[in-house]
1. Quick check: anything in the stretch 70-86 part of a helix (DSSP H, G or I), open to solvent by less than 90 Å² (accessible area, probe 1.4 Å) and either farther than 29 Å from THR106 by Cβ or touching an Asp or Glu at 6+ places or on another chain (Cβ under 6 Å) (or both)?
2. Are there any pairs, at least 6 apart or on different chains, whose C-beta atoms fall under 6 Å, with the first in the stretch 2-22 and more than 15 Å from VAL47 (Cβ to Cβ) and the second among the β-branched types (Val, Ile, Thr), and if so, which?
3. In the stretch 1-24, what count of residues is obtained for those that are open to solvent by 40 Å² or more (accessible area, probe 1.4 Å), in a helix (DSSP H, G or I) and either among the hydrophobic types (A, V, I, L, M, F, W, C) or modelled with pLDDT of 95 or more (or both)?
4. When you check VAL96 against the structure, is it in contact with a helix residue (DSSP H, G or I) (Cβ under 8 Å, 6 or more places away or on another chain) and hydrophobic (A, V, I, L, M, F, W, C), yes or no?
5. Kindly establish whether ALA39 is modelled with pLDDT under 95, at negative phi, touching a helix residue (DSSP H, G or I) at 6+ places or on another chain (Cβ under 9 Å) and small (Gly, Ala, Ser).
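The values are calculated or read from the model by the stated rules, or taken from the named source; none is laboratory data. Just so we're clear, the structure is a prediction, and the values are computed from it rather than from any experiment. In this analysis, Cβ positions are derived from the backbone assuming ideal geometry, glycine residues included, and neighbour counts consider all displayed protein chains. Side chains are part of the model used for accessible areas, which takes the heavy atoms of the whole protein and leaves out ligands, DNA and RNA. Shrake-Rupley method; radii C 1.70, N 1.55, O 1.52, S 1.80 Å.
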Amino acid sequence: MRSLTYEHRIQLLALAAGLPGSLIAILLLWFGDYSSQTAWTLTVLIVIFWLGFAVSLRHRVVFSLQTLSNLLAAMREEDFSIRARGARSDDALGEVMIEVNALSQTLREQRLGAL
């Protein structure tokens, strides 16, 4: 059996995170004193928002990692002019981007010093 890719694990975790709240909301909705039309409408909205946020989370994580991968590939090809924009020191991904920028700057300086 093949193991899941990182993207699929993120997707499953995002879906699992929203499942309990969505399920409880739908159960309360259907067993409450609401009309059938209201229950169906709100059920569809809950499911659409739950799935939409889960897909958005997956996209955000994958996009950030692809950006980091592209920066490292550029450095491997000795293109030290590319920088990670929006790198912030108050979050984990921002710290990684700051370190990639620092590594790129160091390699650039070493290359210029060797010339």
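1. Looking through the stretch 70-86, none of the residues is part of a helix (DSSP H, G or I), open to solvent by less than 90 Å² (accessible area, probe 1.4 Å) and either farther than 29 Å from THR106 by Cβ or touching an Asp or Glu at 6+ places or on another chain (Cβ under 6 Å) (or both).
2. GLU7/VAL62; ILE10/VAL61
3. Residues flagged as open to solvent by 40 Å² or more (accessible area, probe 1.4 Å), in a helix (DSSP H, G or I) and either among the hydrophobic types (A, V, I, L, M, F, W, C) or modelled with pLDDT of 95 or more (or both) within the stretch 1-24 amount to 10.
4. Spelling it out, VAL96 is indeed in contact with a helix residue (DSSP H, G or I) (Cβ under 8 Å, 6 or more places away or on another chain) and hydrophobic (A, V, I, L, M, F, W, C).
5. When the stated conditions are applied, ALA39 does not pass them.
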